[in-house]
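Down below is the structure, laid out as structure tokens.
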Amino acid sequence: MAISYQYKIQEQLALIAKSANKPFISWSETFPSIDPIYLFMLGETSPFNDRFYWADRSNATTYVGLGCTYAITSEEQEQRFSTIEREWKRFITMTEIRSNGTNATPLIFGGFSFDPLKRKTERWDKFPNAKFIVPTVLLSVKEQNTVITITVPSQNNKEIVENIEQLITLLYGEEHRPLFSTPSIMQYEEIKKDEWIDAVRKVIGSISEGEFDKVVLAREVGFTFNGRLAPSIVLERLREQQPFSYLFAFEQGENCFIGASPEQLVKKEGDAFYSACLAGSIRRGKTVTEDEQLGQWLLQDGKNLNEHRFVVEMIKEAMTEMCYHVHIPSAPQLLKMRDIQHLYTPVIGEGGKDVSLFSLVKRLHPTPALGGTPREKALETIREIEPLDRGWYAAPIGWVDALGNGEFAVAIRSGLLQGKAAFLFAGCGVVGDSDPLSEYEETKVKLKPMLSALGVK
């Protein structure tokens, strides 16, 4: 099977290159079923360095990308969203696309930093204010249909095609799962914990004085292991443990930003947009009865309902500006994850045909669930007193295809893997009646998904 697919790839790319007068060619073909995480694992032993993984919350769509045929990067502040959009459209015009009846197109995957004005640290130096890649090999799994899209330069691509053939040999030969050991923890650190608690106290005081309504403050914890953490093992655990979350991984060399987010930022399908308000949370109960009691308490708690209302009003306003019709329920419902439950309100905007996904991402980020309200005042406060560089934590991460459709999640419940080190992030919304120690305990609950995926008890 591997040889027949290798020949087909070689033949098709050569045929397209002959007739193409564009710098890039893209060819899609239906393939037999492939485990997406297995392909991601093979990236460890393939010649392709860059990798990404994406699965939506319903597991209806999964993407795996290996290699980088084209990268779009921006260190701009205000213009980073439009720059990525403009350069992506330019790339499409430079590419001969052959979908072979699969409805597949090349796509870009990547993300943005939370705040381009925040002073950057070395920890995030591989993750600029915006970076998106066009993968060389893209696996798309949608409703049990498996498609591989190969995007390469139209000329001088012999070495790249040989690398793809090697990958196909690994993929359809005898299963070749790389062997990874699970390293042990050598050191654990709650980074600047006291500074973070002090920042919460300051924000509570400022809210009491009427400066703003809410500020979200994040903190980080760090681990050192006695061996390298394999992103594919962490990803496999997340898939098993967090089946109703957005799963994502974006690897740049030895750095991999990875997580399992419950929160959609925005999705575009044709002229319809979908978003979700997610704010207000509490832990899961140890019994069914306790879990229901905690959920009912959350649905009636004034502090959490106010937090949620801020998000609903902001997303509704943004959707109303860009769509002809906006549909939103009158009250939140519960979204139950493995370790935590949230207040959740879905939003649908219709009639936004001339609105790009990137423009709505810019309009929505950050929602009050990730920054606060009023937005600019909250961001200024975070910039000044939050004792970490968030990097890509709590920022938009996702994909856009050649038709302008795509989806972004909010990169929470996430961590940054760097060789033998791992850094995890969690935040909470601070309002006037917040208690610093209670907020600290809430962040501990939000760290649980990634702690579990790292094998930390």
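None of the figures in this text is laboratory data; all of them are computed from the coordinates on show. On a predicted model such as this, the values are computed, not experimentally measured, just so you know. Neighbour counts are summed over all protein chains in view; Cβ atoms, including those assigned to glycine, are modelled from backbone coordinates with ideal geometry.
Observations, loosely collected:
- Spacing of the two label points (7 Å from each Cα toward its C-beta) at ALA272 and ASN226, in nm: 5.4 nm
- Dividing the summed helix terms, -39500 (n - 2.57) for each DSSP H run of n ≥ 4, by the number of residues in the chain produces a 222 nm estimate of -10500 deg cm²/dmol to the nearest 500.
- Added length on full extension, which subtracts the Cα-Cα distance from 0.36 nm per residue, LEU437 to THR30: 141.2 nm
- Here the calculated FRET efficiency for ASN49 and LYS202, from their Cβ-Cβ distance with R0 = 45 Å, stands at 0.55, rounded to the nearest 0.05.
- Equivalent-ellipsoid semi-axes of region 324-457, from the Cα gyration tensor, Å, largest first: 28, 20, 17
- Hits among aspartates and glutamates - C-alpha to C-alpha of LYS377 under 12 Å, sequence gap 8 or more where chains match: GLU211, ASP213
- Ignoring lysines fewer than eight residues from LYS316 along the same chain, the ones with Cα atoms less than 19 angstrom from its Cα are LYS214, LYS267, LYS268, LYS353, LYS362.
- Our estimate of slack between ARG90 and GLU190, defined as 0.36 nm per intervening residue step minus the Cα-Cα distance, is 31.5 nm.
- q = 0.11 Å⁻¹: log10 I(q)/I(0) that the Debye formula gives for region 237-394, counting C-alpha atoms only: -0.52
- Rg/Rh (Cα only; Kirkwood hydrodynamic radius) as it applies to region 185-453: 0.96
- The ratio of the alpha-carbon radius of gyration of the chain to the globular-protein estimate 2.2 N^0.38 Å is 0.98.
- Listed by Cβ neighbour count within 10 Å, with the fewest neighbours leading, CYS428, CYS277 appear as CYS428, CYS277.
- GLU292/LYS457 FRET efficiency (R0 30 Å; Cβ-Cβ; nearest 0.05): 0.65
- The overall shape of region 129-283 is prolate: from the C-alpha gyration tensor, with semi-axes ordered a ≥ b ≥ c, the ratio a/c is 1.5 or greater and a/b exceeds b/c.
- Formal net charge of residues neighbouring TYR188 (Cβ-Cβ distance under 15 Å; K, R +1; D, E -1): +4
- Lysine pairs in region 2-172 whose alpha-carbon atoms fall under 21 angstrom of each other, counting only those eight or more residues apart or on distinct chains, come to 9.
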